[in-house]
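The values are calculated or read from the model by the stated rules, or taken from the named source; none is laboratory data. No experiment lies behind these values; they were computed from the predicted model shown. Cβ placement follows ideal geometry from the backbone for every residue including glycine, while neighbour counts extend to all protein chains displayed.
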Amino acid sequence: MLIADIIPYERNARHNEKAIPKVAESIKEFGLRGTIGLESRENPVIVFGHTRVAACKSLGWTEIPDSKIEYCDDLAPDQIKAFRIADNKTGDIATYNKSMLREEVRSLKDMDMSRFGLEFKSKGLPYGAERLRTDDAYNLGICSRTDCGRDGFPRIPKASAKPNELQGFNYAKSTPSDQKRGKGCHFFIDDYQFERLWQRPERYLDVLRGYDCVLTPDFSLYMDMPDPMQEWNRYRSAALGWYWAQHGITVVPTLSWAQPSSYRFCFKGIPKHSTVATSTVGVARDKDAQKVWHDGMREAMRRLEPSRVLLYGKNIGFDFGNCEVVEYKAGGFHGR
């Protein structure tokens with residue numbers, strides 16, 4: 001049917017102008033999937049589908065396939081008028097589980113849903129969107145359940161990295177990009193110096209992109225922390241690593257552990273046969289700390305079988321077997 005022959009209802013109370021470009025994008029991507037309802041063949045006034053017709057017209061269409069046209073000539077005039085109103089209003093009544101909707105949208109890795117009007121970046125969230133504010137506080141926007149494996153942790157991709165130097169994150173922002181080449185960025189520093197990464201992860205993507213590789217944040221696992229707090233810090237480290245990897249950064253998992261009960265979660269999400277990193281800073285002069293470090297490293301080697309270990313700090317006599325070990329001096333920019 002020719003679009004020129006289709007007559008918009010002159011008293012249509014719904015304003016569709018803002019929706020037309022989004023519906024046009026949908027038609028371009030998926031084709032015309034819905035139908036258009038007209039009063040009758042003799043009186044082709046639109047009952048439903050005003051936005052679809054306008055979107056097709058905006059795309060340069062001159063015809064609507066006959067298979068996409070429905071006629072409402074089995075309804076009385078008052079029924080047609082009532083249906084026209086009801087069809088518009090019933091769509092307005094439905095609501096969304098906004099968190100679930102956002103998770104569904106985020107799971108479409110190769111589809112830009114903002115083309116169809118689905119964005120979650122607005123600061124002016126509507127009433128009832130408190131859950132989205134909570135999502136932002138917990139960074140569900142960068143990593144959620146759908147991004148995690150069966151063990152509950154996001155999977156960091158396998159990496160092969162061997163930077164000439166390791167540089168602390170506290171120097172990352174002030175170091176020009178061309179001076180980051182050949183270096184890896186580490187987080188073997190006090191947590192307060194990189195906690196802001198978790199608070200505003202998107203702000204630091206460009207800061208980290210210049211490095212050959214970036215180690216996952218070494219959020220502290222203090223021995224006196226409750227296990228759930230230790231696990232939360234390990235999750236945060238893995239989530240940021242996963243997020244960076246999705247944005248094209250080469251990520252090296254940082255190994256960290258505490259008491260033996262932490263082995264239950266501290267190696268989750270880390271790939272086997274990959275480059276990993278760890279530190280002995282603060283361990284060398286404490287015999288008890290050395291024992292904890294040796295026990296945990298032994299467990300890591302058994303479970304992960306890493307291909308290479310980037311060791312930041314003094315080698316405290318651990319037998320890495322046939323695994324390649326690259327040593328970096330702590331407290332400076334240089335050293336191997």
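So, of the residues in region 5-18 that are touching a helix residue (DSSP H, G or I) at 6+ places or on another chain (Cβ under 9 Å) and at pLDDT 90 or above, which turns out to be surrounded by the most Cβ atoms within 10 Å (Cβ to Cβ)?
I6
Within region 135-150, which residues are in a loop (DSSP other than H, G, I, E, B) and not aromatic (F, W, Y)?
N139, L140, G141, I142, C143, S144, G149, R150
Got a sec? Which of A284, A289, A277, A300 is surrounded by 14 or more Cβ atoms within 10 Å (Cβ to Cβ) and part of a loop (DSSP other than H, G, I, E, B)?
A284
Count, please, the residues in region 309-332 that happen to be buried (at least 20 other Cβ atoms within 10 Å of the Cβ) and under 16 Å from H273 (Cβ atoms).
Adding up the residues that qualify gives 2.
Restricting the first residue to region 253-273 and requiring it to be under 21 Å from F187 (Cα atoms) and basic (K, R), which pairs with a second residue that is part of a loop (DSSP other than H, G, I, E, B) and at pLDDT 95 or above meet a Cβ separation below 8 Å and a spacing of at least six or different chains?
K268/F153
Restricted to region 207-223, and to residues that are closer than 11 Å to K183 by Cα and touching a helix residue (DSSP H, G or I) at 6+ places or on another chain (Cβ under 6 Å), which residue is surrounded by the most Cβ atoms within 10 Å (Cβ to Cβ)?
Selected residue: V214.
Is there a residue being loosely packed, with under 12 Cβ neighbours inside 10 Å, within 18 Å of I85 (Cα to Cα) and not small (G, A, S) anywhere in region 40-54?
no
Does D286 count as modelled with pLDDT of 95 or more and acidic (D, E)?
Criteria not met by D286.
Can A284 be described as over 34 Å from the mean Cα position of the chain (by Cα), free of Cβ contacts under 8 Å to residues at least 24 places away in the same chain and under 15 Å from F188 (Cβ atoms)?
Here the answer is no, as A284 does not meet what is asked.
Name every residue in region 238-250 that is surrounded by fewer than 24 Cβ atoms within 10 Å (Cβ to Cβ), in contact (Cβ under 8 Å) with a residue 60 or more places away in the chain and of a type outside the set (S, T, N, Q), in order of residue number.
W242, Y243, A245
Kindly evaluate E305 against the criterion of being under 26 Å from F153 (Cα atoms), touching a helix residue (DSSP H, G or I) at 6+ places or on another chain (Cβ under 6 Å) and either modelled with pLDDT of 95 or more or of a type outside the set (V, I, T) (or both).
Against the criterion (under 26 Å from F153 (Cα atoms), touching a helix residue (DSSP H, G or I) at 6+ places or on another chain (Cβ under 6 Å) and either modelled with pLDDT of 95 or more or of a type outside the set (V, I, T) (or both)), E305 does not qualify.
Being in a loop (DSSP other than H, G, I, E, B) and at negative phi, is that true of even one residue in region 305-312?
yes
Considering only region 33-83, state which residues are part of a strand (DSSP E or B) and within 26 Å of P21 (Cβ to Cβ).
Hits for region 33-83 are I36, G37, L38, V45, I46, V47, F48, E63, I69, E70.
So which of E29, E63, E70, E39 ends up being of a type outside the set (S, T, N, Q), in contact (Cβ under 8 Å) with a residue 12 or more places away in the chain, touching a Ser or Thr at 6+ places or on another chain (Cβ under 7 Å) and at negative phi?
Working: E29 fails: touching a Ser or Thr at 6+ places or on another chain (Cβ under 7 Å); E63 fails: touching a Ser or Thr at 6+ places or on another chain (Cβ under 7 Å); E39 fails: touching a Ser or Thr at 6+ places or on another chain (Cβ under 7 Å).
The match here is E70.
Going through S99, S122, S26 one at a time, which residue ends up being part of a loop (DSSP other than H, G, I, E, B), closer than 30 Å to L140 by Cα and at pLDDT below 95?
Matching residue, one of S99, S122, S26: S122.
Out of region 193-206, which residues are part of a loop (DSSP other than H, G, I, E, B) and in contact with a helix residue (DSSP H, G or I) (Cβ under 8 Å, 6 or more places away or on another chain)? Write out each step before concluding.
Of region 193-206, the ones part of a loop (DSSP other than H, G, I, E, B) are 194, 200.
Of everything in region 193-206, just one residue is part of a loop (DSSP other than H, G, I, E, B) and in contact with a helix residue (DSSP H, G or I) (Cβ under 8 Å, 6 or more places away or on another chain), namely F194.
Only one residue in G241, G248 is in a loop (DSSP other than H, G, I, E, B) and either under 27 Å from V207 (Cβ atoms) or under 19 Å from the mean Cα position of the chain (by Cα) (or both), so which one is that? It would help to see each step written out before you state the result.
Values: G241 fails: in a loop (DSSP other than H, G, I, E, B).
From the options G241, G248, the qualifying one is G248.
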